[in-house]
Amino acid sequence: MKTNLRVLSLGAGVQSSTLALMIEKGEIPMVDAAIFADVKGEPSAVYKWLNYLKKEIKSYPIYVVTWRDLKQDILDASRGEYKAFTAPFYTKNIETGKKGMLRRQCTADYKIKPVVQKVRELLGLKKGEKRKKNTHVEMLMGISKDEAVRMKTNRVKYIQNIYPLIDKNLTRSDCITWMSEKGYPRPPRSACTFCPYHSNEEWLRIKNGDQEEWKAVIELDRAIRSQERFKEKNKGSSTLKDEIFLHRSCLPIDQVNFEEKKEKNQGDLFEGFELECEGMCGN
């Protein structure tokens with residue numbers, strides 16, 4: 001099948017950055033473009049790194065696309081000024097203590113949607129215009145061998161996800177080694193500072209890092225437990241049944257002990273969710 005377009009889904013983390021630079025050095029076949037979906041929630045280090053990549057990569061363009069500001073939409077939703085939360089926050093029933101999770105829509109709306117829109121634009125399609133029947137797009141995904149569980153079939157029929165790092169049998173550690181051997185600095189971790197899928201290790205890194213970013217995380221965590229959006233719907237009275245949290249413990253984020261060791265054989269209702277986001281985030 002003829003490929004009409006070949007693009008890199010750039011997350012600006014370790015794996016996709018390695019992939020981007022391997023393409024630049026000719027170790028992986030060339031792409032027409034790289035696309036970075038900016039939800040306006042990445043750590044400042046990621047944006048600095050993205051600017052570095054733009055300077056290093058000369059052979060193909062890097063496009064930055066945005067649908068909406070996810071963090072602002074979450075804050076607006078907490079005040080009843082926007083639709084329901086789109087991030088998969090953790091919930092705890094006030095009466096029973098039962099824990100749950102909100103439906104995740106942020107990846108589809110804020111990551112996948114703008115990337116697909118850019119792909120259509122690069123194909124020369126106008127808004128609402130139908131593609132040609134045999135259109136085929138290859139989308140390179142920065143997922144390594146140790147994260148193979150994140151491999152997904154693209155939900156857009158004419159886009160085929162391909163995984164060059166897995167084809168090369170490379171792990172995340174191998175990517176870091178490759179970057180070092182080629183003289184590149186180590187990329188930062190790429191994911192929204194307020195992502196509910198963070199591991200305790202990642203939360204601790206954020207807490208001990210940029211204090212302005214950590215302060216913003218605390219403020220957002222408090223905001224999502226606001227009852228204003230419920231009062232807006234119920235003429236001043238709240239019918240809130242579930243409290244909402246960023247952390248899986250269902251504690252306020254500034255009260256969580258991220259260094260606490262989980263006892264052996266102790267189950268975790270949300271274990272493994274840090275590998276989520278359909279391969280579009282954190283790579």
Kindly indicate the residue of the range 149-187 that is among the acidic types (Asp, Glu) and over 17 Å from Val31 (Cβ atoms) and also surrounded by the fewest Cβ atoms within 10 Å (Cβ to Cβ) among those meeting that condition.
Glu181
Go through the range 54-80 and count every residue that is in a helix (DSSP H, G or I) and out of contact with any helix residue (DSSP H, G or I) (no Cβ under 8 Å at 6 or more places or on another chain).
5
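Can you pull out the helices (runs of 4 or more DSSP H) entirely within the range 107-222 that have at least 2 residues that are more than 20 Å from Tyr60 (Cβ to Cβ) and over 19 Å from the mean Cα position of the chain (by Cα)?
Hits in the range 107-222: 172-181.
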Test: residue in the range 107-116 that is of a type in the set (Lys, Arg), without any contact (Cβ under 8 Å) to a residue 40 or more places away in the chain and closer than 18 Å to Ala34 by Cα:
no
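Residue by residue, here is whether (1) more than 29 Å from Leu21 (Cβ to Cβ); (2) of a type in the set (Phe, Trp, Tyr); (3) surrounded by 15 or more Cβ atoms within 10 Å (Cβ to Cβ) holds:
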residue: Arg120; (1), (2), (3): no, no, yes
residue: Gly124; (1), (2), (3): no, no, no
residue: Lys127; (1), (2), (3): yes, no, no
residue: Val137; (1), (2), (3): no, no, yes
residue: Leu140; (1), (2), (3): no, no, yes
residue: Ser144; (1), (2), (3): no, no, yes
residue: Glu147; (1), (2), (3): no, no, yes
Of (1) crowded, with 16+ Cβ neighbours inside 10 Å; (2) modelled with pLDDT of 95 or more, Arg229 satisfies all except one. Which?
(2)
Going through (1) within 27 Å of Glu24 (Cβ to Cβ); (2) without any contact (Cβ under 8 Å) to a residue 40 or more places away in the chain; (3) under 21 Å from the mean Cα position of the chain (by Cα); (4) in a loop (DSSP other than H, G, I, E, B) one by one, Lys83 fails only at (1)
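The values are calculated or read from the model by the stated rules, or taken from the named source; none is laboratory data. Fair warning: this is a prediction, and the values are worked out from it, not measured in the lab. Note that each Cβ is placed from the backbone with ideal geometry, even for glycine, and that neighbours are counted across all protein chains shown.
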